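Only the coordinates and a few stated rules stand behind these numbers; no lab work does. What you are looking at is a predicted structure, and each value in this text was computed from that prediction instead of being measured. For neighbour counting, all protein chains shown are included, and Cβ atoms are generated from backbone atoms with ideal geometry for every residue, glycine included.
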Number of protein chains: 2
Amino acid sequence: MTKNKIKPGAYLYPMPVVVVGANVEGKPNFMPIGWVSIVEHKPPMISISANQGHYTNIGIRENQTFSVNTPSEDIVLPTDYCGIKSGKKVDKSDVFEVFYGELKTAPMIKDAPLNLECKVVKIVETGKGHDIFLGEIIQAYAEEKFLTNGIPDITKMKPVFFSMSDLNYWKIGEPIGRAWHIGRDYKKE
Amino acid sequence: MTKNKIKPGAYLYPMPVVVVGANVEGKPNFMPIGWVSIVEHKPPMISISANQGHYTNIGIRENQTFSVNTPSEDIVLPTDYCGIKSGKKVDKSDVFEVFYGELKTAPMIKDAPLNLECKVVKIVETGKGHDIFLGEIIQAYAEEKFLTNGIPDITKMKPVFFSMSDLNYWKIGEPIGRAWHIGRDYKKE
């Protein structure tokens, strides 16, 4: 086995795809991103990282709120459209049908199977051009048909992921086995 | 369509699975996590969030280095094992064959298709129990067989992802279409 040094890059496989929503100057704007992570569970918190040049960042800073919407395979085209067109040049407020929740200023996508309504708790600047927004998930929304036992079900939602190397959106595959279980007997002590 | 309020949770679908490596008291220790995100690309930076109770956190704080290893389907059992057993109770230094790179203190997994060697640039505490480590990826390693045009290829690496709702590891599926492309003509102006 020869491990080669390869050019250090933004390599993470697979990356989830979410659509971040924010009001900018009173209008909903949306941006798909793969740079997203859960960072805390009690209370639930999520982080997103976005270039400071994005129009959406202005709205998040303005309102201190944003939404994280999980697109299904069915809405991958409008999702991609939002990644191609900047809100600085194009009004994206009518790409999706929108609803608002408790925070009043975080626009959420009706056709996305899962919506997380977030309040900014911290903004960390990387120092190299990106804002990392840490948000507390103050409310979550989903239609009954996407849930199993009250929790979002990945097989019903049909989320997509993204691969930076081939630049494709991808479908999820098949389950392999249960976490905190299949490795139980890997190494007998 | 009726959007129900559901219990706010750590919902993100799909979550990548990576194995974070750190030396603790001079010995390699490993922990699988799904709370990981790229946060910057020039230079490439990655964030991981881990409960402060984890043994691995001690080593990251001690050496200010860590590794992010992408497991393939082939090593999902030892990956899961590392998530079940804490380094506080079990020596996990022999679960994987290890190599070191330029930073000398970030243990990397030979059998993982992709290894990112990281230097801590910032530690952000959520205030609710988790450390968010922001690391600069100072070097990346991969065998030639996992690359296409010098870049890690998702179809060759066979990475896995995780779903918090069903607690399963999952395989990747099929490509849907090209990002920054398929949505080009979604809305004609």
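Before moving on, here are some points about what is shown:
- Distances between placed amide hydrogens fall under 5 Å for A:TRP35 paired with A:SER49, all partners being 5 or more residues away or on another chain.
- Per residue, chain B reaches -3000 deg cm²/dmol at 222 nm when only DSSP H runs of four or more residues are counted, each adding -39500 (n - 2.57).
- Residues whose placed amide H lies under 5 Å from that of A:ILE176, excluding near-sequence neighbours: B:TYR169, B:TRP170, B:LYS171
- What separates the A:LYS104 label point from its copies, with the point 7 Å along Cα to Cβ, is 5.8 nm, written shortest first.
- Scattering profile of the protein assembly as shown at q = 0.06, 0.08, 0.12, 0.15 Å⁻¹ [log10 I(q)/I(0), Debye over alpha-carbon scatterers]: -0.20, -0.37, -0.86, -1.36
- Overall, the protein assembly as shown carries a charge dipole of about 280 debye about its Cα centre when +1 sits on the Cβ of Lys and Arg and -1 on the Cβ of Asp and Glu, all other atoms neutral.
- Copy-to-copy label separations for B:GLY129, where each label sits 7 Å from Cα toward Cβ, in nm and ascending: 3.7
- Build a GNM of chain B with springs between Cα atoms under 10 Å apart, and of B:ILE151, B:ILE132, B:ILE176 the one that fluctuates most is B:ILE176.
- For B:GLU136, A:GLU117, B:GLU40, A:GLU143, the sequence from fewest to most other C-beta atoms within 10 Å is A:GLU143, B:GLU136, B:GLU40, A:GLU117.
- ³J(HN,Hα), Karplus 6.51/-1.76/1.60, whole Hz, each residue of the stretch A:4-15, x for Gly, Pro: 8, 6, 10, 3, x, x, 7, 8, 8, 10, x, 9
- Distances between copies of B:ARG61, taken at a point 7 Å out from Cα along the Cα→Cβ vector and listed shortest first: 3.2 nm.
- The order of B:LEU167, A:LEU77, A:LEU134, going from fewest to most other C-beta atoms within 10 Å of their C-beta, is B:LEU167, A:LEU77, A:LEU134.
- Taking amide H as placed 1.01 Å from N in the peptide plane, the amide H of B:VAL160 sits under 5 Å from that of B:VAL17, each at least 5 places away or on another chain.
- Only alpha carbons enter this Debye calculation for the stretch A:70-189, each as an equal point scatterer, and the log10 of I(q)/I(0) it gives at q = 0.15, 0.22 Å⁻¹ is -0.97, -1.42.
- Order of A:TYR55, A:TYR141, A:TYR186 - criterion: other Cβ atoms within 10 Å of each residue's Cβ, fewest first: A:TYR186, A:TYR55, A:TYR141
- From phi via Karplus (6.51, -1.76, 1.60), per-residue ³J(HN,Hα) for the stretch B:147-163 in Hz, x at Gly/Pro: 9, 9, 6, x, 10, x, 10, 4, 6, 8, 7, 6, x, 10, 10, 9, 10
- Residues of the stretch B:156-189 falling in the label zone of A:LYS171, defined by backbone nitrogen less than 12 Å from a point 7 Å along Cα to beta-carbon, are B:173-177.
- Whole-Hz ³J(HN,Hα) from phi, Karplus 6.51 cos²θ - 1.76 cosθ + 1.60, for the stretch A:38-43, glycine and proline x: 5, 10, 7, 10, 10, x
- In this simple spin-label approximation, A:MET1 and A:GLU25 carry label points 7 Å from Cα along the Cα→Cβ vector, and these lie 5.5 nm apart.
- The chymotrypsin sites (Phe, Trp or Tyr not before Pro) of the stretch A:59-120 meeting both criteria, a DSSP state outside H, G, I, E and B (loop) and at most 16 other C-beta atoms within 10 angstrom of the site's C-beta, are A:TYR100.
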